[in-house]
Structure formats: structure tokens, C-alpha cells
């Protein structure tokens with residue numbers, strides 16, 4: 001499952017307008033004893049590429065923190081993996 005969280009736009013160094021869409025991804029983790037949600041993120045650029053990272057955390061508070069960081073800093077698909085690696 002996937003939920004659209006936010007949209008942001010900014011101008012790049014060349015003055016071109018770029019628009020990013022941020023998504024929360026939710027996968028269900030099943031074990032013989034219990035089930036839980038595993039959260040990830042996806043960033044898509046309007047008219048461009050996209051990147052996603054699944055199964056980052058099972059904590060709703062932590063994924064909210066990460067999504068806030070991504071949205072506030074207008075992280076695009078190209079920078080997603082580096083930002084998540086530094087955040088972890």
C-alpha cells in the first residue's frame with residue numbers, strides 16, 4: 001500500500017522548476033506469531049524519475065521523522081538513497 005504525503009516544488013541551479021511527490025509505502029510483515037507494518041518511502045519527480053526504499057522501519061514515529069526531513073529539504077529521487085543511509 002502507498003499513501004501520498006506531500007508535494008513540493010523548487011528551482012534547480014539552472015532555474016528550472018522541479019516538482020517532487022513524496023509517498024509513504026506500507027508492507028505487511030507476517031510471521032507465524034504476529035503481523036506488523038513495515039514502512040518505506042518513495043520520491044517521484046513530475047516528468048522525471050523516481051526512487052523508493054522499502055522496509056526502512058516498523059516505527060511510525062521514525063518514518064514520520066524521515067518523511068519530514070525529505071519533504072522539508074525537497075530531496076529528489078537522485079538523493080534519496082544517500083539521505084536515508086545518512087539518516088539510518
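Every number here is computed from the coordinates shown, using simple stated rules; none is lab data. Please read all numbers here as calculations on a predicted model, not as lab measurements.
Below is a table of values for the structure above.
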item	result
Largest-first principal axis extents, alpha carbons of the stretch 1-41, Å	53, 15, 8
Tail fraction, Cα-Cα pairs, the chain, threshold 20 Å, whole percent	34 percent
Percent breakdown of C-alpha pair distances by 10 Å bin, ordered from the shortest bin, for the stretch 32-73	25, 46, 23, 6, 1
